[in-house]
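The next block holds one structure in the form of structure tokens; read it before the comments.
FYI, it's all coordinate maths here, none of it is from the lab. Nothing here was measured: the structure is a model prediction, and the numbers come from that model. Every residue, glycine as well, gets a Cβ built from its backbone with ideal geometry; the counts of neighbours run over all protein chains shown.
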């Protein structure tokens, strides 16, 4: 099996350490940390326990605990926002709105999923809500964007740079589904449910995205 | 299966989403069709690249202060004038200032003689709008605006004994609203000191306050 699409809906809990200065994901990095021989398992468990503790403290209104959670997860949330909306300033705003909404909804977090998964889903909904408010429904985006944005160039070496540029150049619907499915690991059913579209629409947008990307990236 | 039938199934095939029977038929076709096999290989290369993309990207600045300010109910510290929540908040504040200013004028006109109208007419701005906080003249211009405002505040205080309590309340409420707008813009400027729109807004808020004070101090005595 190849590709993020095969990693399953909880795949976002894995984390590729892109930016050395970036903070790691929340629980998602625990497995990765555990595989690092230099860090003893007990220390890994302490990190996980600290984060569980931070979630519990945040749930009862501890702002410092919520800041701990923010520091540990903002790279994941901002990365998602930037890749999906392309505009760094808008990505910052959507990131902030995601955390503000998460704080307000924190009392409803029951721990059925990891906090990082729950937070990620909130961020996706914030982004999709922004698209909807801007009149950008996924099933109505077969053409070019009404408001083209200068593609964001990320500092990733090699072919990934070309792919980032190509993703940024996709129409909003195709880009959204590609990022959610092939980068973040959501299923078509999850995407359809979050975006309020048919599964077939999600599949069609993904196929379109992949075709466009291969065309752009082909030598 | 024909090539066109296989091609439409390749996405699901690569995703492992085809049923066993369908996948087996695609397998059979791929074994004897280099063209479709190459298509699948290209698709898999793309998916492998996508899977390896970094999933963390650090924002270029600390976004926490704005989040914390919103959560705590404090004035937001945001990046840039075009940040939506800030824009909405300040627009609302500006609307209130305008509304209260209009109320002040209407209230005063209703209580005073027609000669008051000239006193309430807008006055010329004492200073030009600076282009940016990064402009070295901005600090001087802001200091002059503050000085002009302080002089008018002193004049207003000297005239309070001739003003009715209602008028004083309306003036004070308006001044407070503008003070709050100035404070918010100042905070935003700390975060984005070179934003010319913020600088212009700050100068505009000072001018609005000065104009309000000029009108208030020019009102005929009520008591």
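Assuming a ≥ b ≥ c are the square roots of the Cα gyration tensor eigenvalues, decide whether the stretch A:64-110 counts as rounded (a/c under 1.5), prolate (otherwise, with a/b larger than b/c) or oblate. Judged from the Cα gyration tensor, the stretch A:64-110 comes out prolate (a/c at least 1.5, a/b above b/c). For the stretch B:154-223, the pair-distance distribution built from all alpha carbon pairs, in bins 5 Å wide starting at 0, is 3, 17, 23, 18, 13, 10, 8, 5, 2, 0 percent. Across peptide B:40-48, the average count of Cβ atoms from other chains found within 10 Å of a residue's Cβ is 5. Computing FRET efficiency as 1/(1 + (r/R0)^6) for residue B:62 and residue B:186, where r is the C-beta to C-beta distance and R0 is 22 Å, gives about 0.75.
Centroid-to-centroid, using Cα positions, the stretch B:197-223 and the stretch A:173-219 are 55 Å apart. Averaging the Cα positions of each part gives two centres, and for the stretch B:14-42 and the stretch B:177-191 these lie 62 Å apart. Dividing the mean sequence gap of close Cα pairs (under 8 Å, 6+ apart) by how many residues the stretch A:72-141 holds gives a relative contact order of 35 percent. A Förster distance of 60 Å, applied to the separation of the beta-carbon atoms of residue A:189 and residue B:221, puts the FRET efficiency at 0.20. Take the Cβ atoms of residue A:162 and residue B:147, set R0 to 56 Å, and the FRET efficiency comes out at 0.45. For the stretch A:157-219, the alpha-carbon radius of gyration amounts to 1.11 times the rule-of-thumb value 2.2 N^0.38 Å expected for a compact globular protein.
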